[in-house]
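Take a look at the structure below.
The values are calculated or read from the model by the stated rules, or taken from the named source; none is laboratory data. Please read all numbers here as calculations on a predicted model, not as lab measurements. Positions of Cβ are generated from backbone atoms using ideal geometry, with glycine treated the same way; all protein chains shown enter the neighbour counts. Keep in mind that these areas ignore ligands, DNA and RNA; they rest on the heavy atoms of the full protein, side chains included. Shrake-Rupley method; radii C 1.70, N 1.55, O 1.52, S 1.80 Å.
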Amino acid sequence: GGATTAIVQSPIVFLEMGAGKGGLASLAAMAFKCDVVMVDLGTFQNSQDRYIRKAGSSVVRIQMDLRHLVVKEIEMLKERRYLVASKHLCGCATDFALRALSHEDRESRSGTKGLTGIAIATCCHHRCEWASYVGKEYLIKVAGIDKQEFAKVCQWASWATNEEMHHTGSKRSSRSSRNRNNLHTCRSTNAKVEEIAQQDSSRVPTSEVQLRASEGQLRTSACEKAPNHSPPEHHHQRPPSQSFHHWTRAEKKRIGMLSKRALDKGREWFLKSQLGMETEFVAYVEDSTSLENRLLMAFPSVGKS
């Protein structure tokens with residue numbers, strides 16, 4: 001749309017995180033005649049760097065773990081407009097990328113410099129980690145989802161693309177099963193996840209007052225939606241394998257998709273509250289092509305671009 005056309009103007013720098021050989025950056029350089037910065041931990045043979053240079057664009061390649069990256073310290077980006085993109089940043093890599101942008105001075109943005117847009121294809125939510133996840137405050141205050149429940153949500157997220165990943169065949173599943181909560185807790189967490197996932201993105205709370213108000217509303221709603229709700233003192237431990245027997249494969253897939261959406265809502269909150277961005281999720285291919293088909297897009301709020 002118009003927003004996309006507006007942000008891809010020269011002079012602009014295309015910053016690709018998790019760039020690999022640089023295929024996406026190469027296409028961007030040729031299409032938009034922009035300079036390119038690529039960040040990746042690895043080194044690659046047969047990279048696209050030479051083709052980017054042939055297209056007349058400057059190239060900077062940074063070999064670094066995204067967890068250590070601070071975008072504002074990249075020399076080429078100083079006093080320039082730049083767009084951040086990534087094809088797929090698995091699990092916590094998306095959070096590393098977003099945190100690398102958190103030092104950006106939103107007040108310094110103008111028509112000639114600063115962060116002008118973000119486009120990241122999120123995936124592999126089951127590989128998210130509590131320590132690095134950028135939406136912790138959102139999940140805690142809005143849904144009461146703590147570190148232990150977060151691990152459960154990440155586990156459920158794997159069901160969106162592979163419902164059987166929770167089986168005890170893997171060491172990870174075996175370890176987590178020893179700490180898994182009872183059936184009621186699973187239902188309660190599921191209700192919280194469903195409520196977050198269905199929230200309107202434009203109404204994601206960003207202020208402390210909004211967070212506290214949403215927290216009370218969501219906790220009440222979650223308790224009402226949780227089936228067979230009973231007070232905590234009536235809980236009875238059940239074998240972990242029985243906790244999921246009441247969910248069909250289709251239900252698990254749906255819960256998995258909701259879990260992925262809930263985790264991404266926390267990322268939207270981070271972009272809104274910490275970077276002053278407006279956010280949008282779009283499906284860039286049909287589900288029949290890939291279930292990992294969600295693109296997180298963000299643009300400066302009106303008046304900040």
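A few remarks follow.
- Region 278-303 residues that are in contact (Cβ under 8 Å) with a residue 12 or more places away in the chain and within 13 Å of THR94 (Cβ to Cβ), paired with ones that are in a loop (DSSP other than H, G, I, E, B) and not β-branched (Val, Ile, Thr) (beta carbon under 6 Å, 6 or more apart): LEU295/TYR284
- In a residue-by-residue description of region 126-142, the property of being touching a strand residue (DSSP E or B) at 6+ places or on another chain (Cβ under 8 Å) and either open to solvent by 50 Å² or more (accessible area, probe 1.4 Å) or without any contact (Cβ under 8 Å) to a residue 40 or more places away in the chain (or both) applies to at least one position.
- Any chance THR279 is open to solvent by less than 80 Å² (accessible area, probe 1.4 Å) and not aliphatic (A, V, I, L, M): yes
- In the set LYS72, LYS87, only one residue is closer than 17 Å to THR122 by Cα, under 23 Å from the mean Cα position of the chain (by Cα), open to solvent by 60 Å² or more (accessible area, probe 1.4 Å) and of a type in the set (Lys, Arg); that residue is LYS87.
- Candidates LEU295, LEU271, LEU258 - the one that is under 27 Å from ALA100 (Cβ atoms) and crowded, with 20+ Cβ neighbours inside 10 Å: LEU271
- Each residue in region 90-107 was checked for being within 28 Å of THR161 (Cβ to Cβ) and open to solvent by 70 Å² or more (accessible area, probe 1.4 Å), and 1 pass.
- Residue that is surrounded by fewer than 17 Cβ atoms within 10 Å (Cβ to Cβ), at pLDDT 90 or above and over 17 Å from the mean Cα position of the chain (by Cα), where the choices are THR220, THR289: THR289
- Residues satisfying the stated conditions in region 10-53, i.e. of a type in the set (Val, Ile, Thr) and open to solvent by 50 Å² or more (accessible area, probe 1.4 Å): THR43
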